[in-house]
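The values are calculated or read from the model by the stated rules, or taken from the named source; none is laboratory data. Worth saying up front: this structure is predicted, and the values here are computed from it rather than measured. Every residue, glycine among them, receives a Cβ derived from its backbone with ideal geometry; neighbour counts consider all protein chains shown. These area figures cover heavy atoms from the full protein model, side chains too; ligands, DNA and RNA do not enter into them. Shrake-Rupley method; radii C 1.70, N 1.55, O 1.52, S 1.80 Å.
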Amino acid sequence: MRFSLIDDDVDCETCHYIRAVGDIEAFTAAQFRDFIKAYRLEGHGLTVVLSSPGGDVIAGLRLGREIREQGFNTQVGFPQRLPRGGYRMRPGDCASACTFTFLGGIERYAEDDVIGVHRFFPGNLEPDNRVIMRPGDEAVAAMIKVYALDMGVDDAFVDLSLSIPPADLRYLSNAELRGLAVVNAEQPPALIAMMPEAMAKGPNSPR
């Protein structure tokens, strides 16, 4: 997963938010920590805008906890770089392990059919349509349930995720997400404005 601080959204000139795009890997949470420190973003209540097909489920939980520790919000979207410069928010997709990272936000917003769930599977195996737990999977499922509870999310969301075969994805409506407390904001969180200039700029822009 790659992180960027967006401060040139063409539809919101004073907005600042974090763009998080790509696969979630074992080192992603540590990478995110380093990014936050490099840009001095601690305590600014930023929104992390996620677009990811998923990845390592444990890493997804760790990244979600990092987001919660920072007091950040989460939103599903894809800030796309425009040829003439700047970014514009496009629809994004948050599936598999990304859904658990999404839960780390204080305020969380997603539209219809952008959050896709299924049962996790070992990364060294191809997904199949079995829903039988493998050895050790019960411990991971219990870890996910504790995490969801810590994030204030109905554990029925975890049960639903575990019920979908690994080779499938079920995309949830905004109404379903609200009913499970996965989404808790009526509209996208405000993309924070008027950050101090010294803190808005990191040592080296990743863009």
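Things to note:
- The stretch 34-79 and the stretch 151-183: distance between their alpha carbon centers, rounded to Å: 20
- With all protein chains in place and a 1.4 Å probe, the accessible surface of the stretch 1-152 carries 52 percent carbon and sulfur.
- The stretch 1-109, relative contact order [Cα under 8 Å, separation at least 6], %: 28
- Value of relative contact order over the chain, rounded to a whole percent, pairs C-alpha under 8 Å and six or more apart: 23
- The solvent-accessible area of Phe27, taken with every protein chain present and a 1.4 Å probe, is close to 110 Å².
- In a reduced charge model with +1 at each Lys and Arg Cβ and -1 at each Asp and Glu Cβ, the chain shows a dipole moment near 520 debye about its Cα centre.
- In this view, the solvent-accessible surface of Val21, computed with a 1.4 Å probe and all protein chains in place, comes to about 40 Å².
- Taking all protein chains into account, the per residue accessible area for the chain stands at 47 Å² (1.4 Å probe).
- Near-label residues of the stretch 151-176 by backbone N, under 11 Å of a point 7 Å along Cα→Cβ of Asp113: 171-173
- Ranking of Lys145, Lys37 by solvent-accessible surface, largest first: Lys37, Lys145 (1.4 Å probe, protein heavy atoms only, all chains present).
- Each of His118, Gly105, Ala59 was scored by the projection of its Cα onto the charge dipole of the chain, and the greatest displacement toward the positive side belongs to Ala59; charges sit on the C-beta of Lys, Arg, Asp and Glu.
- Its Cα gyration tensor gives the chain an equivalent ellipsoid, and the semi-axes of that ellipsoid, as √(5λ) in whole Å with the largest first, are 29, 17, 16.
- Taking the stretch 71-102 and a reference point 7 angstrom along Cα→Cβ of Glu42, the backbone N atoms nearer than 17 Å belong to 71-72.
- Once the GluC sites (Glu not before Pro) in DSSP loops with at most 10 neighbouring Cβ atoms within 10 Å are cut out of the chain, the longest remaining piece is 14-185.
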